[in-house]
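The values are calculated or read from the model by the stated rules, or taken from the named source; none is laboratory data. Computed from a predicted model, the values in this text were never measured in an experiment. We place every Cβ from the backbone using ideal geometry, glycine too, and count neighbours over all the protein chains shown. Heavy atoms of the whole protein, side chains included, go into the accessibility calculation; ligands, DNA and RNA do not. Shrake-Rupley method; radii C 1.70, N 1.55, O 1.52, S 1.80 Å.
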Amino acid sequence: ISSRHWNLQLKIHFTAPVSMVIPKKISLTDHIEAAYLTYKNKIKVTNDKKELDLKYLISYASREKANFEVKYIFYKDMRERGYFIKPGVTDFRVYPRGGRPGKTPSKYFVYALSERNPMPLKDLVRQL
């Protein structure tokens, strides 16, 4: 896996008898979604015919993307609660339960931060 450029060829096997190859640069949200769907046993992610487990996916993404673990935990929690999540100008746009882009406006714009790394208000305002 080319960690430097995030060029992965992922072969995803859905629980239904469907598979597809996704050759592209993988974004942070793609890694989070792949990790989440692997956790839920909805997909299997492979690289060069080797299946990548959840621990490996999280470890790999954590080396490449700052705060990946925190963002994954937030994403997983919100998905488990029934929210629909998309990337946004902040880390995520969160839609209400049952909502979807084009159907309902996003309800929240979220920065996923660890309480161990406080962010001064001026830095948060600068991000907006």
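Give the long-range amide H neighbours of N47: residues separated by 5 or more places, or on another chain, with amide H under 5 Å away, using H modelled in the peptide plane at 1.01 Å from N.
Amide H neighbours of N47, under 5 Å, 5+ apart: L52.
Work out from phi, with θ = phi - 60° and the Karplus expression 6.51 cos²θ - 1.76 cosθ + 1.60, the ³J(HN,Hα) of each residue of the range 110-125, listed in order in whole Hz, and give x for Gly and Pro.
So the J values, rounded to whole Hz, are 10, 9, 8, 10, 8, 5, 6, 10, x, 10, x, 3, 4, 5, 5, 4.
Once you've got the Cα coordinates, tell me which of K71/K107; K65/K86; K49/K86; K42/K86; K76/K122; K44/K107 are over 26 Å apart.
K49/K86; K76/K122; K44/K107
Can you give the local net charge around N67? Use residues other than it whose beta-carbon is closer than 11 angstrom to its beta-carbon, Lys and Arg +1, Asp and Glu -1.
Summing Lys/Arg as +1 and Asp/Glu as -1 gives +1.
Report the accessible area of F68, computed with a 1.4 Å probe over the heavy atoms of all protein chains in place, in Å² rounded to the nearest 10.
Number for this one is 0 Å².
Rounded to the nearest 20 Debye, what is the dipole magnitude of the range 56-128 about its Cα centre when Lys and Arg each give +1 and Asp and Glu each give -1 at the C-beta?
Here the range 56-128 has a charge dipole of around 340 debye.
Taking a virtual spin label 7 Å from the Cα of R100 along the C-beta vector, which residues in the range 64-91 bring their backbone nitrogen under 13 Å of it?
84-85
Probe radius 1.4 Å, ligands and nucleic acids left out: which of K44, K76, K50 has the largest accessible area, and how do the rest follow?
Of K44, K76, K50, the descending order of accessible area is K50, K44, K76.
With a 1.4 Å probe and all protein chains in place, put K49, K40, K103 in order of accessible area, largest first.
I get K49, K103, K40, largest accessible area first.
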